[in-house]
Amino acid sequence: MTGNWTAIAMIFVALFLLGGVFSFIKQGIKAGAAVCGVGAALALVAGVLWW
């Protein structure tokens, strides 16, 4: 495991936002799903690069 808690937090945020994407898709809100998807991708990339 890593000693860098920021990377772990960013990956957790990415997973949280991915849950939001699935929720918005189930509700039929495509714009919200797109915004959450972009945020999830950015958070995941940030977490991986921070690692």
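The values are calculated or read from the model by the stated rules, or taken from the named source; none is laboratory data. Small disclaimer: the values here were computed from a predicted structure and weren't measured. A quick note on method: Cβ atoms are made from the backbone with ideal geometry, for glycine too, and the neighbour counts reach across all protein chains shown.
If I filter the range 35-51 down to residues being assigned to a helix (DSSP H, G or I) and surrounded by fewer than 13 Cβ atoms within 10 Å (Cβ to Cβ), which single residue comes out as farthest from the chain's Cα centre (by Cα)? Explain how you work it out, then say what you get.
If we filter the range 35-51 for residues that are assigned to a helix (DSSP H, G or I), which is where we start, we get 35-50.
Filter once more, so that each one left must be surrounded by fewer than 13 Cβ atoms within 10 Å (Cβ to Cβ): 38, 45, 48-49.
Details: Val38: 8, Val45: 9, Val48: 12, Leu49: 14 Å.
For the range 35-51, the residue satisfying everything is Leu49.
Pairs needed: first member in the range 5-25, in contact (Cβ under 8 Å) with a residue 24 or more places away in the chain; second member anywhere, of a type in the set (Phe, Trp, Tyr) and in a helix (DSSP H, G or I); C-beta distance under 8 Å; at least 6 residues apart or different chains.
Between residues of the range 5-25 that are in contact (Cβ under 8 Å) with a residue 24 or more places away in the chain and residues that are of a type in the set (Phe, Trp, Tyr) and in a helix (DSSP H, G or I), the close pairs are Thr6/Trp50; Ala7/Trp50; Met10/Trp50.
Which of the residues belonging to the range 35-48 are without any contact (Cβ under 8 Å) to a residue 40 or more places away in the chain and touching a helix residue (DSSP H, G or I) at 6+ places or on another chain (Cβ under 6 Å)? Working first, answer last.
We begin by selecting, within the range 35-48, every residue without any contact (Cβ under 8 Å) to a residue 40 or more places away in the chain; these are 35-46.
Across the range 35-48, the qualifying residues are Cys36, Gly37, Gly39, Ala40, Ala43, Leu44, Ala46.
What is the one condition in (1) at pLDDT 95 or above; (2) surrounded by 14 or more Cβ atoms within 10 Å (Cβ to Cβ) that Ala9 does not satisfy?
The one condition Ala9 does not meet is (1).
Quick one: how many residues across the range 18-34 are out of contact with any helix residue (DSSP H, G or I) (no Cβ under 6 Å at 6 or more places or on another chain) and either closer than 12 Å to Ile8 by Cα or assigned to a helix (DSSP H, G or I) (or both)? Spell out how you get there, then give the answer.
To start, the set of residues in the range 18-34 that are out of contact with any helix residue (DSSP H, G or I) (no Cβ under 6 Å at 6 or more places or on another chain) comprises 19, 22-23, 26-31, 34.
Of the ones still in play, those that are also either closer than 12 Å to Ile8 by Cα or assigned to a helix (DSSP H, G or I) (or both) are 19, 22-23, 26-27, 30-31, 34.
So the count comes out to 8.
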